[in-house]
Amino acid sequence: MSASVSITPLAAASGALPPGSEPAPGARAGADALQPARVAPSVAVSVAASAADTPVLLQASKPAAPVISEAVRRRARNERLATFLAPALGILVLILIWEAIAAGGQTIPGPVATWKAALQVFADPFAQNGPNDQGIGIKLMNSLGRVGLGFGLAALVGIPAGFAIGRFSFLDKMTAPVISLLRPVSPLAWLPIGLLVFKGAHSAAIWTIFISSVWPMIINTAVGVQRVPTDYMNVARVLNLSEWKIFTKILFPAVLPYLMTGVRLSIGVAWLVIVAAEMLTGGVGIGFWVWDEWNNLKVENILIAILVIGMVGLLLELALMWLARRFSYE
């Protein structure tokens, strides 16, 4: 494709009159106004450009790589190291303090003696040599089963109750004094009531877990519902949404962080309560095992039970944190 531009002599371009002819005065003024800039006669300019001769390449420029200073790299490297080294250092300090207390003439066994006892305990964790001689794995499963039942019942009651209390102000005012009255009661104070009503240690332990772990779920869920922005609820009224739509589309996504916080607090309370309840009610469980080993003066096994209880609680906490991230609406 080519383009050419030529400029003809001024005489032909401007329509000049032949020599000897005079234009009218008015015509002369109009011609002077319309005339282009004067160019010398017989000057012609020709410009030709061919796309084939001069190709134009348009390339997208690559974004420049970010420049990271050495100080930023060093800080990031130190943070990664601290993520792994800090917990290990904390555990090491705990072991050193434990060893120092054991070496100070106390009756508490040290880490080495506890480790040797743990090898024997975990050699056959699912052994069954009678009702009073079972492995630690069976004891732990029995305790987790009771916690699961009590905590599950608390979730079935506490989460819907929290949504209802947070949604309706009249219900909130009605239940506030009841919750304030019953929530501070010690978990073990509910155990005799369970024994009286259910006539069995197993059911009484589940009842104690339920009544102790239901309050964090009720309170946190209700607070989450009450903190939903008012604009969301106004939009729901304008759209004339049903209560089910309000719950599924507005309340549940907004309240989920508060709900998961209540669940995490409740599972911690439930795991604390089961150990104390089993100490008092007996049976097969990690709590009764602690009390039984105290009666046998096997302090090493008591320390093993304490470590096992702590590790199980930590795993439950991590599992709930993963679940909260998995179902986050953010």
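So for each of 296-309, 264-277 I average, over its residues, the number of other beta carbons within 10 Å; can you give me the resulting order with the highest mean first? Kindly include the intermediate steps, with their values, before the conclusion.
Numbers: 296-309: 17.4, 264-277: 22.3.
Packing order, densest peptide first, comes out as 264-277, 296-309.
Quick one: grab the alpha carbon gyration tensor of region 104-163, order the square roots of its eigenvalues as a ≥ b ≥ c, and give me rounded if a/c is under 1.5, else prolate or oblate depending on whether a/b is larger than b/c.
Working: a/c = 4.11, a/b = 1.89, b/c = 2.17.
Oblate is the answer for region 104-163, as a/c is 1.5 or above yet b/c matches or exceeds a/b.
Quick one: Cα centre-to-centre distance for region 91-126 and region 253-301, in angstrom?
Value for the Cα centre distance between the two parts: 22 Å.
Mind checking the per residue accessible area of region 63-133 for me, 1.4 Å probe, whole number of Å²?
Values: 5880 Å² over 71 residues.
With all protein chains present, region 63-133 gives 83 Å² per residue.
Just the Cα atoms of region 250-307, one point each, no solvent: what log10 I(q)/I(0) does Debye give at q = 0.14, 0.21, 0.24 Å⁻¹?
Taken in order of the listed q values, log10 I(q)/I(0) reads -0.51, -0.77, -0.90.
Using a 1.4 Å probe on the protein heavy atoms, what percent of the accessible area of region 131-257 belongs to carbon and sulfur? Each step should come with its number before you reach the end.
Numbers: 4810 of 6960 Å².
The value for region 131-257 is 69 percent carbon and sulfur by accessible area.
Considering the dipole of region 121-183 built from charges on the beta carbon (Lys and Arg +1, Asp and Glu -1) around the Cα centre, which of MET141, GLN128, LEU156 is farthest to its positive end?
Highest projection toward the positive end goes to LEU156.
So how do 211-219, 185-193 stack up, highest first, on mean other-Cβ count within 10 Å? Display every interim value, and only then the final one.
On the way: 211-219: 24.7, 185-193: 14.7.
Result, highest mean Cβ count within 10 Å first: 211-219, 185-193.
With a 1.4 Å probe and every protein chain left in place, work out the accessible area per residue of region 258-328 in Å², rounded to a whole number.
Value returned for region 258-328: 52 Å² of accessible area per residue.
What order, most packed first, do the peptides 198-208, 226-236 have when packing is the mean number of other Cβ atoms within 10 Å of each residue? Don't skip to the answer; put the middle values down first.
Values: 198-208: 19.7, 226-236: 12.5.
Those peptides, ordered most packed to least, come out 198-208, 226-236.
Please identify every one of the chymotrypsin sites (Phe, Trp or Tyr not before Pro) in region 121-188 that sits in a loop by DSSP and has no more than 14 other beta carbons within 10 Å of its own beta carbon.
Details: sites: PHE122, PHE126, PHE151, PHE163, PHE168, PHE170; in loops: PHE122, PHE126, PHE168.
Listed in order of number, the matching sites are PHE122, PHE126, PHE168.
The values are calculated or read from the model by the stated rules, or taken from the named source; none is laboratory data. Every value quoted in this text rests on a predicted model; they were computed, and no experiment measured them. Ideal geometry is used to build each Cβ from the backbone, glycine not excepted, and the neighbour counts take in all protein chains shown. Surface accessibility is based on the protein's heavy atoms, side chains included, excluding ligands, DNA and RNA. Shrake-Rupley method; radii C 1.70, N 1.55, O 1.52, S 1.80 Å.
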